[in-house]
Amino acid sequence: MNTLEQVTQAHATLIGQRLATFRKFTGLSQQEVADQIGTTQNLIYRIENGLNSSISMVLRVCHYYRQQHQLNFEWLVNPDSTDTEFAPMRLTEALSLRKELGLLDRKKLAILNQFIKDWERLEQQP
């Protein structure tokens, strides 16, 4: 395994762990998530444990959590995001708290808000 593959696998494992954390935060079982997105509990297990699974299924799980439970993507995909006090907060909660505490400057907040708008626009496409 080359260095890029190792980094990619480490990131996939981190995202899987964070998806598991978020699922538990929302009080859902792996089976409940699987039922909601039309897949198997075993696939959710594989994703959460960083095992080989298709990117489309990972995105499907992410999309479900974002749409139904306001998953905070900043926390999910940023490997440098270690501020566990904001995780696994839902996106609106995290943004509100960060604004209150002054932890996001205007430029970062604008970028994050643009990302949210772009994601919502993509969700509305057929």
*Computed label-point distance, nm, for sites residue 120 and residue 45 using a 7 Å Cα→Cβ extension*: 3.8
*asked:* Rounded, prolate or oblate for region 13-67? Axes are the square roots of the Cα gyration tensor eigenvalues, ordered a ≥ b ≥ c, and the cut-off for rounded is a/c under 1.5.
replied: rounded
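Just so you know, all these numbers are worked out from the coordinates, no wet-lab data involved. This is a predicted model, so every value here is computed, not measured. We place every Cβ from the backbone using ideal geometry, glycine too, and count neighbours over all the protein chains shown.
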